[in-house]
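Scroll down for the structure; my scribbles are underneath it.
The values are calculated or read from the model by the stated rules, or taken from the named source; none is laboratory data. Computed from a predicted structure; not experimentally measured. Using ideal geometry, Cβ is built from the backbone for each residue, glycine included, and neighbour counts are taken over all protein chains shown.
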Amino acid sequence: MKTYTDLELDALRELANIGSGTAATALSQMLARSIDVSVPKAAALPLAEAVEAVGEPDLLVTGVVLPIFGALEGMAVLLFGENDANRICELLGVAPGDEFAVSALAEIGNILCSSYLGAIVSMTGLSIEPGPPQTASDMLAAIVETVLAHSATDSDIALLLDSDIKIEGEESSFQFMLVPSAAGVATLLVGLGLG
């Protein structure tokens, strides 16, 4: 089983911190509200534990998933609880549940993931870009298992870089995760000067 040193995990956590901060700034400008970002967690876990680490497995969530291509491969994921997804739609002027709600959440995902990846490009010099967003509503475990299975086909380990983003003045937050492939983790570490 692949393990990472404390130094490597700290470097990946800092990468997640800067990426999350950049994404939060983009969201703050869109919503004209302050955004708070939690200190990111970086964990290298066996797949089964990674699913459990994200949250309650039977929680109903909306996930916006973007594949990542280029020098770094993997998935970027935004996870909204049902109430949080509805509140973000309202803040964007879209009625929850109408035909534009899914598109609005997908566009939020696209903008946040692009901002996050832009920060990674700036820090590492890697050439990476997101694919088109896909949106699904399901139990948390189902969405996370699908993402991890896709990203970790060459490994039984998932690296989760996970931040909570809270919208000031609103009872609304969501999780942002970057799930690179095992080869992608090595690429990130090389880009950060630790390879």
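No other residue among ALA32, ALA42, ALA23, ALA11 is in contact with a Phe, Trp or Tyr (Cβ under 6 Å, 6 or more places away or on another chain) and either surrounded by 15 or more Cβ atoms within 10 Å (Cβ to Cβ) or not acidic (Asp, Glu) (or both) apart from ALA23. Screening ARG87 with (1) modelled with pLDDT of 85 or more; (2) of a type outside the set (A, V, I, L, M); (3) closer than 30 Å to SER127 by Cα gives one miss only, at (3). Given the options SER38, SER34, name the one that is among the hydroxyl-bearing types (Ser, Thr, Tyr) and in contact with a strand residue (DSSP E or B) (Cβ under 6 Å, 6 or more places away or on another chain). Sole residue among the options that is among the hydroxyl-bearing types (Ser, Thr, Tyr) and in contact with a strand residue (DSSP E or B) (Cβ under 6 Å, 6 or more places away or on another chain): SER38. Filtering region 9-16 for residues that are within 15 Å of the chain's Cα centre (by Cα), of a type in the set (A, V, I, L, M, F, W, C) and within 23 Å of GLU90 (Cα to Cα) leaves an empty set. Restricting attention to region 85-105, the residues that are of a type outside the set (Val, Ile, Thr) and part of a loop (DSSP other than H, G, I, E, B) total 8. Return a yes/no flag: does region 30-37 have any residue that is of a type in the set (A, V, I, L, M) and within 17 Å of the chain's Cα centre (by Cα). Yes, that holds for at least one residue. Can you find a residue in region 69-92 that is over 30 Å from GLU8 (Cα atoms) and in contact with a Lys or Arg (Cβ under 8 Å, 6 or more places away or on another chain)? Yes, region 69-92 has at least one match. Take the residues in region 182-195 that are modelled with pLDDT of 80 or more and outside any helix (DSSP H, G or I), then tell me which one is nearest to the chain's Cα centre (by Cα). The selected residue is LEU192. The residue of region 37-84 that is modelled with the highest pLDDT, among those that are farther than 12 Å from GLN175 by Cβ, assigned to a helix (DSSP H, G or I) and not charged (D, E, K, R), is ASN83.
Please list, ordered by first then second residue, the pairs with beta carbon atoms under 8 Å, 6 or more apart or interchain, first in region 76-92 and over 10 Å from THR62 (Cβ atoms), second polar (S, T, N, Q). Partner pairs satisfying both residue conditions: VAL77/GLN175; ASN83/SER172; ARG87/SER172; LEU91/SER172.
Here's the yes/no breakdown for (1) crowded, with 19+ Cβ neighbours inside 10 Å; (2) more than 14 Å from the chain's Cα centre (by Cα); (3) more than 25 Å from LEU194 (Cβ to Cβ):
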{"position": "LEU59", "(1), (2), (3)": "no, yes, yes"}
{"position": "ILE88", "(1), (2), (3)": "yes, yes, yes"}
{"position": "ILE111", "(1), (2), (3)": "no, no, yes"}
{"position": "SER137", "(1), (2), (3)": "no, yes, yes"}
